[in-house]
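The values are calculated or read from the model by the stated rules, or taken from the named source; none is laboratory data. From a predicted model like this one, the values you see are computed outputs, not experimental measurements. Glycine also receives a Cβ, built like all others from the backbone with ideal geometry; neighbour counts cover every protein chain displayed.
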Amino acid sequence: MRKKLVIANWKMNLISGQAHTLASAIARGVAGREGPDVVITPSFTSLGAVASALEGSGVELGAQNVSWADSGELTGEVAPAMLVDAGCRWVLVGHSERRSVFSESQTMIRNKVAACMRAGLIPVLCVGETAEEKGSGKTERIVESQLTNSLIDIDLANPGGLVVAYEPVWAIGTGEVPLAGDVELVHGIVRDTLAGTFGLIAGEMRIIYGGSVSVDNIAMLLTAPDVDGVLVGGSSLQAESFVRIVRVAGEI
Ligand code: PGA
């Protein structure tokens, strides 16, 4: 049985005082309940504030990006060990905004996954097709190729050591979500690809959905049996909506 996972992606929002307040409210809101694993990924500059707000709550800390190198002359980058030092256990890798706005290549993303694993961080590898790719029937091919290229020569002994987030680019921040059946279909492709790469342990790996997740669609999205949780952007910026999403995920 795969435990559900709910991740907040705050993107480039909130200064540290605001981040502390929101993280504290979320920690209070999910306290004392059996539920999914919950992770918050604030901006780098708020990691310390959010770490202190989450202390003892069971809610875990993650980052939104990481360098592929362990250390060195890479001005402006943040190494995996620095994230571990800041209290992170998780990190988003290959988010579509990184791929499109910052031109992250498949090789960079693959190397980031490897760097996370060397440092003991859990990469949340984001994949997904654009509207144009969907329109021309390429979803399966795109998702498969993003995954296989990001996992070249990656060894995984523990199924909990890597999470895949399926995030159709056209659904991010648009209010549009795919039908549950379409999400299930793509998650099936992701799981088959993971099985081809890692073998039997793929059945225990978590595959989560992201893109316009809200209080209104969370129950629908989680009805698909292969959907093991969600990556939440906009709806994670309010404690009330994020806590409700966590609660629904805990009931399914
Ligand atoms: P959204 O963002 O929930 O605001 O669509 C999700 C994401 O980009 O991870």
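For Val163, the test of being within 15 Å of the ligand (Cβ to nearest atom), surrounded by 15 or more Cβ atoms within 10 Å (Cβ to Cβ), closer than 24 Å to Thr107 by Cβ and not charged (D, E, K, R) is passed.
Among all positions in the stretch 25-42, there is at least one residue which is at pLDDT 95 or above, assigned to a loop (DSSP other than H, G, I, E, B) and either crowded, with 18+ Cβ neighbours inside 10 Å or not small (Gly, Ala, Ser) (or both). Annotation note: of Leu54, Leu47, Leu74, Leu61, the sole residue that is more than 16 Å from the ligand (Cβ to nearest atom), surrounded by fewer than 16 Cβ atoms within 10 Å (Cβ to Cβ) and not acidic (Asp, Glu) is Leu74. Across the stretch 191-222, the qualifying residues are those that are under 22 Å from Asn149 (Cβ atoms), among the β-branched types (Val, Ile, Thr) and within 16 Å of the ligand (Cβ to nearest atom), and the one among them that is surrounded by the most Cβ atoms within 10 Å (Cβ to Cβ) is Ile208. Of all residues in the stretch 223-252, those that are more than 20 Å from Trp10 (Cα to Cα) and away from the ligand (no atom under 15 Å from the Cβ) have Cβ atoms under 6 Å from Cβ atoms of residues that are among the acidic types (Asp, Glu) and part of a helix (DSSP H, G or I), 6 or more apart or on another chain, in Ala224/Glu184; Asp226/Glu184. Taking every residue in the stretch 69-97 that is of a type in the set (Lys, Arg) and pairing it with any residue that is surrounded by 15 or more Cβ atoms within 10 Å (Cβ to Cβ) and not in a loop (DSSP other than H, G, I, E, B), at least 6 positions away or on another chain, the pairs with Cβ-Cβ distances below 8 Å are Arg89/Val39; Arg89/Glu60; Arg89/Leu61; Arg89/Gly62; Arg89/Ile122. If you go through the stretch 88-122 and keep only what is away from the ligand (no atom under 16 Å from the Cβ) and surrounded by fewer than 17 Cβ atoms within 10 Å (Cβ to Cβ), you end up with Arg89, Ser103, Ser105, Gln106, Thr107, Arg118, Gly120. When the stretch 11-24 is filtered for residues that are in a helix (DSSP H, G or I) and among the hydrophobic types (A, V, I, L, M, F, W, C), the ones remaining, listed by number, are Ala19, Leu22, Ala23. Restricting attention to the stretch 146-175, the residues being in contact with a strand residue (DSSP E or B) (Cβ under 9 Å, 6 or more places away or on another chain) and of a type in the set (S, T, N, Q) number 2.
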